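One structure is given below, encoded as structure tokens.
Just so it is clear, none of the values below were taken in a lab; they were calculated from the coordinates. In this text, all values refer to a predicted model and were calculated from it rather than measured experimentally. Counting neighbours? That spans all protein chains shown, and the Cβs are built from the backbone with ideal geometry, glycine included.
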Amino acid sequence: MAVQQLGIIMHGITGRMGYNQHLVRSIVAIRDQGGVTLPNGDRVMPDPILVGRNHDKVSALAKRHGIARVATDIDAALANPEDSIFFDAGSTQMRVDLLKRAIAAGKHVYCEKPISETLQESLDVAMLARDRGVKSGVVQDKLYLPGLRKIAMLRDSGFFGRILSVRGEFGYWVFEGDWQAAQRPSWNYRKADGGGIILDMLPHWRYVLDNLFGAVRSVSCLGATHIPERGDENGSMYRADADDAAYATFQLEGGIIAHINSSWAVRVKRDDLVTFQVDGTHGSAVAGLTRCFTQHRVNTPRPVWNPDQPQTMRFEQQWDEVPDNQIYENGFKLQWEDFIRHVVAGTAWRFDLLEGAKGVQLAELATQSWQERRWLDVPVLTLPQSARAAA
């Protein structure tokens, strides 16, 4: 069994998501387990270099996790031929430029979503990757969640029969920053800084709906800025002009109707911070991040509407839980392993930059739907033919 090193340039790992999910729970965890196993039995050991503007901060993180290499100069890191992958979990506004520089340097690229703030920017970088012949990936972590993997298993088994509808509830109360410190950065609530829940969450819902239930064919969305003033990281109040809630309905291929509420101004009274209910002719399921409950057609009770008496049925007790018959590892780590196999061994992969662009497309159309107060079709997205191929 051979073990090979794979140099990975990691940018944006000082942020919450970049540090917790991508560095600690993915790359460090992969190193601790002895690397990624390839189909032929060989192993790949990630060799990361942490890149950030604050040398002391990235050096401290590297030392904490036994990582030997750090840098503050992205271009110098990109110039190293020993590093094959560039990863970005920094701000959306910086991402397109960084990805283009990495692609121009011949690196395979992997990044957080959204790819960019506009569809055209997303398509531009996707076309550049295609034309330069580099491999690309966009984080689509929710497909790796135990709850949604159980939904996929139920779908594949035929449990639902014909799927009729999907209803999603996502969100929690983000503190305003006056009485208690906010759990999310202040830029999330400023349009000028790329904030807004539509751009943040609609790309997630695009890949969830496309891959689990049916391609999104049209959208109607109503956004809102429920909390117009918030406190920033220093306790100073500022105008929050980005949308902090979105109420979206989607028509999917095959006639399925989906509705997903996304809000940073909602208090949680459900099993998890996100839940999906899938109703079909033969059965229904409700899944959160990890757990999933089902009710089959033959076990569906007969409730009676009687507004004059208190409800006697305990509806939550009428569902059966899908058991954990396997170990579910961290979804970010699993997708990192899949992307590394794709880069090194050419294994199948579908979450490329074009798939990421579809998420930006849906967010853009949802925002337009809100502004124009109407349904909008979602065109099938493809990359234009390259000039080289056309010649």
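Once you keep just the Cα pairs under 8 angstrom separated by 6 or more residues, what percentage relative contact order results for the range 143-321? Dividing the mean separation by the residue count of the range 143-321 yields 30 percent. Of 100/142; 100/333; 113/142, which sit over 19 Å apart, Cα to Cα? Those over the limit are 100/142; 100/333. Out of the DSSP beta bridges found with both residues in the chain, what percent are antiparallel (nearest 5)? That works out to approximately 55 percent antiparallel. If you take the Cα centroid of the range 159-193 and the Cα centroid of the range 1-62, the two points sit 29 Å apart. Beyond 31 Å between alpha-carbons counts as too far, so tell me which of 57/269; 63/191; 57/358; 150/358; 63/269 fall in that bin. Those over the limit are 57/269; 63/191; 57/358; 63/269.
Only Cα pairs under 8 Å and 6+ residues apart enter the sum, and on that basis the relative contact order of the chain stands at 20 percent. Between the labelled values (i) 31, 30, 20; (ii) 36, 26, 23; (iii) 43, 20, 20, the entry that holds semi-axes √(5λ) of the Cα gyration tensor in Å as derived from this structure is (ii).
When only the Cβ of Lys, Arg, Asp and Glu is charged (+1, +1, -1, -1), the dipole of the chain relative to its Cα centre reaches about 480 debye. Beta bridges assigned by DSSP with both partners in the range 143-321 are antiparallel in approximately 85 percent of cases.
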